[in-house]
1. Scanning segment 493-518 for residues that are under 25 Å from residue 402 (Cβ atoms) and touching a strand residue (DSSP E or B) at 6+ places or on another chain (Cβ under 8 Å), which turns out surrounded by the most Cβ atoms within 10 Å (Cβ to Cβ)?
2. For residue 106, are the conditions met, namely being surrounded by 22 or more Cβ atoms within 10 Å (Cβ to Cβ) and within 28 Å of residue 233 (Cα to Cα)?
3. Can you tell me which residue is most open to solvent (accessible area, probe 1.4 Å) among those in segment 360-389 that are under 26 Å from residue 206 (Cα atoms) and touching a strand residue (DSSP E or B) at 6+ places or on another chain (Cβ under 7 Å)?
4. Scan (1) under 26 Å from residue 17 (Cα atoms); (2) surrounded by fewer than 21 Cβ atoms within 10 Å (Cβ to Cβ); (3) in contact (Cβ under 8 Å) with a residue 40 or more places away in the chain for the single condition residue 155 breaks and write down its number.
5. Any idea which of 208, 244, 179, 204 is within 16 Å of ligand 2 (Cβ to nearest atom) and either over 19 Å from the mean Cα position of the chain (by Cα) or farther than 30 Å from residue 47 by Cα (or both)?
6. Would you confirm whether or not segment 34-51 contains a residue that is in contact (Cβ under 8 Å) with a residue 60 or more places away in the chain, out of contact with any Pro (no Cβ under 7 Å at 6 or more places or on another chain), open to solvent by 10 Å² or more (accessible area, probe 1.4 Å) and under 20 Å from residue 221 (Cα atoms)?
7. Please verify whether segment 300-316 includes one or more residues that are buried (at least 18 other Cβ atoms within 10 Å of the Cβ), closer than 23 Å to residue 201 by Cα, of a type in the set (A, V, I, L, M) and within 16 Å of ligand 2 (Cβ to nearest atom).
8. Going by what's in this entry, would residue 13 be described as within 26 Å of residue 288 (Cα to Cα) and touching a helix residue (DSSP H, G or I) at 6+ places or on another chain (Cβ under 7 Å)?
Amino acid sequence: MFEIKARAASGRVGRWQIGKYSVTTPTLAVVVTPNSRIVSLRDIKKIGAEIIITNAYIMKKSEHAEQIEKKGVHKFYGWDGPIYTDSGTFQMYSQGKFEITPQETLEFQKSIGSDVITPLDLFTLPTDSKEVAREKLKETILRIRSAREIIQKQQLCGPVQGGAYPELRKKAALEVSKANPDIFAIGGIVPMMEQYRFSKLVEAILSARRNLDTSKPLHAFGAGHPMIFALLAAIGIDFFDSAAYAIFARQGRYLTVNGTKAISELHELPCSCPVCSENTARELAGDTSLLAKHNLYATFEEIKTIRQAIFDGSLWELLEQRIRSHPAMLEAYKTLGKYRKFLETSEPVSSKHAFFYLGKESLQRPAVFRAKNRLAAMKFTKKDETFGWLGLKVPLGLKMIYPFGQSVIPGQKKSGVAKPIDAARQVISYQYRMPLLKAKKAIGREGVAEISRNTGRLQRLKSKDMLLGTFRDSDGYFVPTFAGAKELAKQLHGAYTVHVNKDVESFIREGKTLFSKFVAGADDKIRPGDEVFVVGSAGELLATGTALLNSREMTSFKYGIAVDTRHIN
Ligand code: GUN
Ligand code: ZN
């Protein structure tokens, strides 16, 4: 069970329920092994972990195997929280000595009381030929399907392979979705991360992601370096796992969000975590455990920074800071441009945070792509006065709406004011992607727009003393009344409409919140934050409200709110 709590870019803060436990995402599962406690479980919890991940292959071949089976994995580690287990795929690929069968690993994970179980997928290398990648995928899918038959009480991870082939990643995503696991995990990406091939990484993830059921959390297997978290969170990764804190520590490497440093070369510790505050670089260099602990602090600092940026609506701004750390990050960001059409579908319509222009990369954000498309749909003419915004011509009446009114762009000024009624028409036309002429028709000849005497902003739209709607202070968008919605719907022919199941019609009419499990269908133009019309089976308007999910999410999520309904009949 997974529910979205906040969103920015294509990222989300979610709540993932795992049996009696729940974790807040994006998060990172700390990798622990039975033989080494480089950082104690108590410290791991204190630093911010809510979930740990451990490996069936390593446990089964360790001297503690019997004890783990006897005590159960929670007691063995002394961890009162969810435990995710990996199958051994990666170890069979990288070590390859000890063999484990698909059946054995599932049985073992089940018998030790794991909360999230992983089948033995076939690790597909970015260098594998297409033929090999296809064969491995075929076998992986069979193994996931049969795992689902055996794993019913616990949650199941569905690994998505496909190597360096976008079409195989797509196939993997579609097939794994059908097998109905509880979490998806993008596999075979460790070599891409190790070699800083972040552009390939982004392609592998996005070609899978756009074909995956988005109502479930998405894990990037083996992604544990904080420098890439913002990039991956922005494209929809909810879950990371890390052995990096320990592996890097053993190599004398100090993690920072901008990259890795050799501890032996540090004169200063550019971090204020408890470890770095109380020790010198020399002390860290001589103590792997201390270094690992700092590495974990640095890891969770970035996880928390990302979650806050999602709450604030500033994930793109954070990412555009992060891409300065390495040319490969900058290149990966440019690759996102190829996927802008898809990324636009989960980009919120509005944001609490102003659009900060941070360099020419900002032009590539989905908000700019969307603005361009919505402006084109308005079909305004030379008679409509405009101002310039990041190279786009924007009608004057849109001056107060997001992102035009809530953007900070060095050297850009907006002058001139539109007549209130013209501005109202323009906002409605832009917001509902309809030609200005249709917006004019919806408002009618007798429409009157009122502005605030104090701020000069649009406030209300009326027609013959009937209130059609108000304009939101925060972002300038139009919020129709029930009467206003009826007029708009006549011009929109089903656009921005959400259909509900018959059995909840009366609840919705009374003004109750619309949960996604009751959504029967939704217009594919709908984006998170759009004002929508909620209709019943006979096509009658039941309510209006703000969509919290896009159309695709509304029809796939089983938990959480789809539309925050507002007006009642
Ligand atoms: N850990 C790192 N990569 C992978 C992978 O592709 N599959 C599994 N099961 N675990 C991994
Ligand atoms: Zn530190």
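The values are calculated or read from the model by the stated rules, or taken from the named source; none is laboratory data. Since this is a predicted model, take the numbers as computed values, not measurements. Cβ atoms come from the backbone with ideal geometry, glycine included; neighbour counts cover every protein chain shown. Calculation scope for accessible area: heavy atoms of the full protein, side chains included, ligands and nucleic acids excluded. Shrake-Rupley method; radii C 1.70, N 1.55, O 1.52, S 1.80 Å.
1. Only one residue tops the list, namely 498.
2. So residue 106 fails the test.
3. Let us first name the residues in segment 360-389 that are under 26 Å from residue 206 (Cα atoms), namely 360-374.
From what's left, touching a strand residue (DSSP E or B) at 6+ places or on another chain (Cβ under 7 Å): 367, 371-372.
Working: 367: 11, 371: 0, 372: 123 Å².
This residue is 372.
4. Against the list (1) under 26 Å from residue 17 (Cα atoms); (2) surrounded by fewer than 21 Cβ atoms within 10 Å (Cβ to Cβ); (3) in contact (Cβ under 8 Å) with a residue 40 or more places away in the chain, residue 155 comes up short only on (2).
5. After applying the criteria, what remains is 244.
6. yes
7. yes
8. Values: within 26 Å of residue 288 (Cα to Cα): no; touching a helix residue (DSSP H, G or I) at 6+ places or on another chain (Cβ under 7 Å): yes.
So residue 13 fails the test.
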